[in-house]
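Engineer: Quick one: the structure is below, and I'll ask about it shortly.
The values are calculated or read from the model by the stated rules, or taken from the named source; none is laboratory data. Quantities reported herein were computed from a predicted structural model and do not represent experimental measurements. Note: ideal-geometry Cβ built from the backbone for every residue, glycine included; neighbour counts use all protein chains shown.
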Amino acid sequence: MALLQIAEPGQSPLPHQLKRSLGIDLGTTNSLVATVRGGRAEVLRDEQGVAMLPSVVNYSDPGGVLVGREAYALAAQFPADTLVSIKRFMGRGRDDVLEDAQRSHYVLADDEQGMVRLVTRAGEISPVQASAEILGALRARAMAARSEAIDGVVITVPAYFDEAQRQATKDAAKLAGLPVLRLLNEPTAAAVAYGLDAAEQGVIAVYDLGGGTFDISILRLHRGVFEVLATGGDTALGGDDFDAAIADWIVQQAGCGTLGAGEHRQLNSLARAAKEKLSQEQSVAVDISGLLPGAEPVTLTRATFEELAQPLVRRTLRACRRCLRDAGLDAEVDNVVLVGGSTRVPLVRAAVAEFFQREPLANIDPDQVVAIGAAIQADILVGNRPEGDLLLLDVIPLSLGLETMGGLVEKIVPRNTTIPVSRGQEFTTFKDGQTALALHIVQGERELVADSRSLARFELRGIPPMVAGAARILVTFQVDADGLLNVSATEETTGVRSAVTVKPSFGLSDEQIADMLQASFSHAEQDKQARQLAEQRLESTQLLEGLEAAMAADAEQLLAEQECAQLHEQMQGLRALLPGSDVAALRELTESLGKASESFAARRMDKSIQEALAGLSLDALDEEVK
Amino acid sequence: MSFPDFKQNYFELFNLPVQFALDQDTLGQHFRHLQQELHPDRFASDSAQAQRLAVQYSAMVNEAYATLSKPQSRAVYLLQLAGMSQQTIDAEHIDGGFLIEQMDLREKLESIHALVDPDTVLEHLITEITRDIATHQREFAEAFAADDLAGAASACVKMQYLDKLLLQAEQIESDLMDKL
């Protein structure tokens, strides 16, 4: 019953009224962009007709940044300036990535705050900046294909991404000038792509083995509602690990000594190529003469590769077992969906089929399925689909809690809780006369703060002096539909309040993002103003259209004559401002109209809930049960 | 503004009888139906105000659903509806036999890392704990239906103990997983 739903099913808006939306799969190895055209989701290709953009950014030339295949071609020549698999560094602290950075031959800048910045010929680059370049390249591709402004974007993230990693992804989108409607979990996106295609009912397991991450999600689809039952995985396990295992094996076989950075990159490419070939063939000869001049090729059989990969595959199956238990299921799933290039490996397919006792579905290209699902969700969120088409109920992947006495974690919102969620817990003071309370918000499944990920700290001050244990402090955790957290604390006897929007310790501050935006020459000042005006116009138009439709439907029943007249007057005023270019005035009037119509919106929502409840007759329920 | 539906208790919100036994399918249908109307995604292109309202209501429905769908929280909620506070429930007397069994199970869990084949033993322990939980759920349902609040509270606390143990077992399982 969204206020804005102006088209009835079957009477979709005219093409020029459709909003432009994109789904983006920002992957570790490759990224894709997809959109819905004529009711069908499709990936967008570059001029050469290639859908996948290698997630590689090259900074070897201070004068210009390269993204994609051109950047990848320079990887061996400029290992420290060519950032591959940068997603592994997103939202991470310097200490977390030391080893990974060394293996990738990156040079980390010193940083007192523990932020990750990589030293390149074009200056120090943060993972968020590099990701923004990839997003920017996809944006340019979409603009070239449609030559229109983009109204909304859905970007996918691994379900197991924590708060910091999600925030970093949002920051990258902001930097790239993309309006993000939602961060969507990758496995959920894949399920959407299949669910809508086949109109499935039942339980779906999504096994997603990408380049750098593994995700498993169990979902239930029921009459257009996707409910994520549980999700799990491993943020540091993926196809890259298969490559690394092969690379180590090659080094052992060939007995090459210590490799330089460029040679190491070359070795990794050889390993990846061998792995891909082994999906079709039983054995492959690896030509290592580039590394060891004059050396004979080494032969890798599929059986040897499977031996190397077996421990990694076993790790994924354990996560599957735990996820099934979290979902409250034994092993009964109706469908298994494969996502990610690494699921092309025959060993993986066989192991998954055996575990779930189902032949997995793979009729949508596993490399494209996530972007396609994201495009469908973006199309829905931007308002292009008839109402009731599809709803996603997602969960938080990791528990959220607070530090309590003795360095222990008190979990407030356990993992796999459906979002949005708002949950409060009472705490009290520990000492007589205590006037402040330090709150430390952590994420993770462990019981000790030391083992958990620290998200944020803030203080509640101004508690009136009382004896220990007398104060009643209500701490509320609110997680929105993107999985991002807000925490507030209130002393209940006095109403003293303090709140924080969680900015992870390694995220960028708003000022830093603003600075980066300022510095980025591709978004010059007038561009920004034009964008602001366009965005504001859109918001105002949306409000007007929505209100008009809502009033046409319900004004008579729900509004007094005077209220109705007042709203009409304000709407008239706003409409008059639309053709102009005064952003501030537009914003002001839109906000005030929004406020004025708030109680009308609430009454409408109220009415529709009652209708929804009343509408659930026994007949309807029986029918739903079938 | 008035939202009478949210002033009802969770059972009424989903149109269900106030009792421990519960039809998960019916609960799920009412839940999905309400979310179809209220979820913030339904308001993704509406005003910020409408979105804020939607987040709040959607969160309330999620909370109600989460409370009722899990037997443990449903039991606590029923006792609270009957006027018992969390403190009164926690203070309920537990028989010594149960506590000894608990300690025994806990010891087994703690020594599991030393075993040659921890997986099989862990799997077995988890089955045992799950079975015990089911037993105490039946106890709770019977006591609550017979208005024996003290008996129901005692069963509820036992469920709580075992739930914690199960969590611990699952934590060990994931530790084992990390070791691979």
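Engineer: So which residues in segment B:26-39 are facing chain A (nearest Cβ under 10 Å) and under 17 Å from the mean Cα position of the chain (by Cα)?
Structural biologist: If the condition is that a residue be facing chain A (nearest Cβ under 10 Å) and under 17 Å from the mean Cα position of the chain (by Cα), then B:GLY28, B:PHE31 are the ones that fit.
Engineer: Which condition does A:GLU354 not pass, out of (1) over 30 Å from A:ARG40 (Cα atoms); (2) among the acidic types (Asp, Glu); (3) touching a Ser or Thr at 6+ places or on another chain (Cβ under 6 Å), if it passes all the others?
Structural biologist: All conditions are met except number (3).
Engineer: Further, regarding this structure: In the list B:LEU122, B:LEU166, which residue meets the criterion of being touching an Asp or Glu at 6+ places or on another chain (Cβ under 7 Å) and within 14 Å of chain A (Cβ to nearest Cβ)? First the steps, then the outcome.
Structural biologist: Numbers: B:LEU166 fails: touching an Asp or Glu at 6+ places or on another chain (Cβ under 7 Å).
Testing whether each residue is touching an Asp or Glu at 6+ places or on another chain (Cβ under 7 Å) and within 14 Å of chain A (Cβ to nearest Cβ) leaves just B:LEU122.
Engineer: Okay, moving on. Being in contact with a Gly (Cβ under 7 Å, 6 or more places away or on another chain) and either of a type in the set (Gly, Ala, Ser) or closer than 22 Å to A:THR343 by Cα (or both) is the filter here, so list the residues in segment A:221-232 that pass it.
Structural biologist: Hit for segment A:221-232 is A:GLY224, nothing else.
Engineer: Then there is this: Only one of (1) at pLDDT 90 or above; (2) part of a strand (DSSP E or B); (3) among the basic types (Lys, Arg) is not met by A:ARG182, so which one is it?
Structural biologist: So A:ARG182 meets the others, but not (1).
Engineer: Something else: Condition first: assigned to a loop (DSSP other than H, G, I, E, B), of a type outside the set (D, E, K, R) and more than 14 Å from chain B (Cβ to nearest Cβ). Now tell me which residues in segment A:464-497 satisfy that.
Structural biologist: A:PRO464, A:PRO465, A:MET466, A:VAL467, A:ALA468, A:ALA470, A:ALA471, A:THR493, A:THR494, A:GLY495 - these are the residues of segment A:464-497 that are assigned to a loop (DSSP other than H, G, I, E, B), of a type outside the set (D, E, K, R) and more than 14 Å from chain B (Cβ to nearest Cβ).
Engineer: For segment A:589-603, name all the residues that are without any contact (Cβ under 8 Å) to a residue 12 or more places away in the chain and farther than 15 Å from A:GLU535 by Cβ.
Structural biologist: A:LYS595, A:GLU598, A:SER599, A:ALA602
Engineer: Among the residues of segment A:195-245, what is the count of those that are more than 13 Å from chain B (Cβ to nearest Cβ) and in a loop (DSSP other than H, G, I, E, B)?
Structural biologist: So the answer is 7.
Engineer: Could you grab me the full set of residues in segment A:445-457 that are more than 14 Å from chain B (Cβ to nearest Cβ) and surrounded by fewer than 18 Cβ atoms within 10 Å (Cβ to Cβ)?
Structural biologist: A:ALA450, A:ARG457
Engineer: For segment A:569-605, give me the residue count where each residue is facing chain B (nearest Cβ under 10 Å) and of a type in the set (Val, Ile, Thr).
Structural biologist: Qualifying residue count for the region: 1.
Engineer: Would you check which residues across segment A:259-275 are surrounded by fewer than 18 Cβ atoms within 10 Å (Cβ to Cβ) and either closer than 14 Å to A:GLY239 by Cα or without any contact (Cβ under 8 Å) to a residue 12 or more places away in the chain (or both) and list them?
Structural biologist: Correct list: A:GLY260, A:SER269, A:ALA273.
Engineer: Is it true that some residue in segment A:370-386 is more than 14 Å from chain B (Cβ to nearest Cβ), assigned to a loop (DSSP other than H, G, I, E, B) and over 24 Å from the mean Cα position of the chain (by Cα)?
Structural biologist: no
Engineer: If you don't mind, another one. So, in segment A:233-258, exactly how many residues are surrounded by 15 or more Cβ atoms within 10 Å (Cβ to Cβ) and either more than 14 Å from A:THR299 (Cα to Cα) or of a type in the set (A, V, I, L, M) (or both)?
Structural biologist: 18
Rundown of residues vs (1) in contact with a helix residue (DSSP H, G or I) (Cβ under 8 Å, 6 or more places away or on another chain); (2) within 24 Å of B:GLN35 (Cβ to Cβ), yes/no style:
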position	(1), (2)
A:LEU361	yes, no
A:ALA375	no, yes
A:ILE419	yes, yes
A:PHE430	yes, no
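Engineer: Let me ask another. For segment A:387-427, how many residues meet the condition of being outside any strand (DSSP E or B), more than 12 Å from chain B (Cβ to nearest Cβ) and loosely packed, with under 14 Cβ neighbours inside 10 Å?
Structural biologist: Result for segment A:387-427: 3.
Engineer: For the list (1) within 14 Å of another protein chain (Cβ to nearest Cβ); (2) polar (S, T, N, Q); (3) more than 30 Å from B:ALA152 (Cβ to Cβ), I need the number of the one condition that B:SER111 fails.
Structural biologist: Evaluating B:SER111 over (1) within 14 Å of another protein chain (Cβ to nearest Cβ); (2) polar (S, T, N, Q); (3) more than 30 Å from B:ALA152 (Cβ to Cβ) leaves (1) as the failure.
Engineer: Taking the condition of being closer than 20 Å to A:ILE372 by Cβ, surrounded by fewer than 21 Cβ atoms within 10 Å (Cβ to Cβ) and either at pLDDT 90 or above or in contact with a Leu (Cβ under 8 Å, 6 or more places away or on another chain) (or both), how many residues in segment A:197-224 meet it?
Structural biologist: 2
Engineer: In the list A:GLY546, A:GLY594, A:GLY580, which residue meets the criterion of being touching a helix residue (DSSP H, G or I) at 6+ places or on another chain (Cβ under 9 Å), of a type outside the set (Ser, Thr, Tyr), modelled with pLDDT under 90 and not in a helix (DSSP H, G or I)? Walk me through it before giving the result.
Structural biologist: Numbers: A:GLY546 fails: not in a helix (DSSP H, G or I); A:GLY594 fails: not in a helix (DSSP H, G or I).
The conditions single out A:GLY580.
Engineer: Among the residues of segment B:40-76, write down those that are at the interface with chain A (Cβ under 7 Å from one of its Cβ atoms), at pLDDT 90 or above and more than 12 Å from the chain's Cα centre (by Cα).
Structural biologist: Of everything in segment B:40-76, those that are at the interface with chain A (Cβ under 7 Å from one of its Cβ atoms), at pLDDT 90 or above and more than 12 Å from the chain's Cα centre (by Cα) turn out to be B:SER58, B:ALA59, B:ASN62.
Engineer: Could you say whether any residue in segment A:431-439 is modelled with pLDDT of 90 or more and assigned to a strand (DSSP E or B)?
Structural biologist: Taking every residue of segment A:431-439 in turn, none turns out to be modelled with pLDDT of 90 or more and assigned to a strand (DSSP E or B).
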